[in-house]
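Inspection log for the structure reproduced underneath, given as structure tokens.
The values are calculated or read from the model by the stated rules, or taken from the named source; none is laboratory data. No experiment lies behind these values; they were computed from the predicted model shown. Note: ideal-geometry Cβ built from the backbone for every residue, glycine included; neighbour counts use all protein chains shown.
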Amino acid sequence: MADAPALPPLREVIAKYGLRAEKSLGQNFLLDLNLTSRIARCAGRLEGETVIEIGPGPGGLTRAILGAGAGRLIAIEKDTRCLPALAEIAAAYPGRLEIINDDALEIDEAALFEGRARIIANLPYNVATPLLIKWLRQRERFSSLTLMFQKEVADRLTATPRTKSYGRLSILCQWLCETRREFDISPRAFTPPPKVTSTVVTLIPRETPLYPADPEILEKVVAAAFNQRRKMLRASLKPLGPPPEEMLEKAAITPTRRAEELTVEEFCRLAQVYAETRA
């Protein structure tokens, strides 16, 4: 691969354009180019790939993605102050960086490209979970998602049964994707430093969900179970309507168990039984 074009250090770029991180936008700039390159590598081989980046800010991760060979990078940035800094990177990588000034919560990323793309992003903490759920609903358009979350959210994505972090997000993500925890990043790596540790996670959408289940029904069953997570399932599932003990017996699940004890497979089995009772 050709050497990366000469670009000014990120701290100079931030000073030049007065890019103070805005708390209201959930901004924390990652300036360590060794770390941004490591994040890009977690996504796998990028040569010739289409990549979506959310919230590039001054462009630290943007540089790393382009430096790793991405054929086309679509960077979606809500903060207009960052656009001149990103334009400098676009000029250094002619024809490869497309900058869109828009809100990632509002835009339909899948309409921006043909085929499939990868998403690589240091997500603003305040919108990370809604963005992930939006992408999971369009997962057939994405070959991988390499995302940075606050550690607490990453714990939930990768949690196993009988742990404190295991819940609705764990089940949804693991049902639809292979989830891989990559590495933690100290608050000291950011400007300004956040109050929490960050974690990079890669999700690879499955060709088909891990076990058969209707998505809406599974979501409803899981929500009911975890809405009162400390209660036994025979009590927490009552709002669903059908007698919980009958459903649990058909699904071969002991009624005295709690939501946090069930595997993804068991939740899918329970969702199938619930669907049959409504048919």
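Here is how the numbers come out for the structure above:
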| quantity | calculated |
| --- | --- |
| Test: residue in the stretch 48-61 that is surrounded by fewer than 16 Cβ atoms within 10 Å (Cβ to Cβ), modelled with pLDDT of 90 or more and outside any loop (DSSP other than H, G, I, E, B) | no |
| Any chance Thr36 is closer than 18 Å to Ile107 by Cβ, surrounded by 20 or more Cβ atoms within 10 Å (Cβ to Cβ), of a type in the set (Val, Ile, Thr) and assigned by TED's automatic domain parsing to the domain that holds Ala121 | no |
| Test: residue in the stretch 117-124 that is part of a helix (DSSP H, G or I), in contact (Cβ under 8 Å) with a residue 60 or more places away in the chain and either of a type in the set (Lys, Arg) or over 15 Å from Ile74 (Cβ atoms) (or both) | no |
| Tabulated pairs, the stretch 196-207, first touching a residue at least 40 places away in the same chain (Cβ under 8 Å), second among the hydrophobic types (A, V, I, L, M, F, W, C) and in a loop (DSSP other than H, G, I, E, B), C-beta under 9 angstrom, 6+ apart or interchain | Thr202/Ala43 |
| Residues of the stretch 55-100 satisfying the condition of being among the charged types (D, E, K, R) and in contact with a helix residue (DSSP H, G or I) (Cβ under 9 Å, 6 or more places away or on another chain) | Arg63, Glu77, Lys78, Asp79, Arg81, Glu88, Arg96, Glu98 |
| Within the stretch 99-125, tally of residues that are farther than 20 Å from Thr202 by Cβ and surrounded by 14 or more Cβ atoms within 10 Å (Cβ to Cβ) | 4 |
| Filter result for the condition that a residue is at pLDDT below 95, under 27 Å from Ser144 (Cα atoms) and of a type in the set (Val, Ile, Thr), over Val201, Val264, Val196 | Val196 |
| Qualifying residue in the stretch 70-79 (condition: over 25 Å from Glu182 (Cβ atoms) and assigned by TED's automatic domain parsing to the domain that holds Asn28) | yes |
| Test result for Ile14, at pLDDT below 90, assigned to a helix (DSSP H, G or I), assigned by TED's automatic domain parsing to the domain that holds Ser144 and touching a Leu at 6+ places or on another chain (Cβ under 9 Å) | yes |
| Residue match in the stretch 233-256 (condition: of a type in the set (D, E, K, R) and either within 21 Å of Leu172 (Cβ to Cβ) or assigned by TED's automatic domain parsing to the domain that holds Ala117 (or both)) | no |
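This table checks each residue for (1) assigned to a strand (DSSP E or B); (2) over 22 Å from Ile65 (Cα atoms); (3) under 14 Å from the mean Cα position of the chain (by Cα).
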| position | (1), (2), (3) |
| --- | --- |
| Glu98 | yes, no, no |
| Ala110 | no, no, no |
| Asn126 | no, yes, yes |
| Lys134 | no, yes, yes |
| Ser143 | yes, no, yes |
| Glu152 | no, yes, yes |
| Lys164 | no, yes, no |
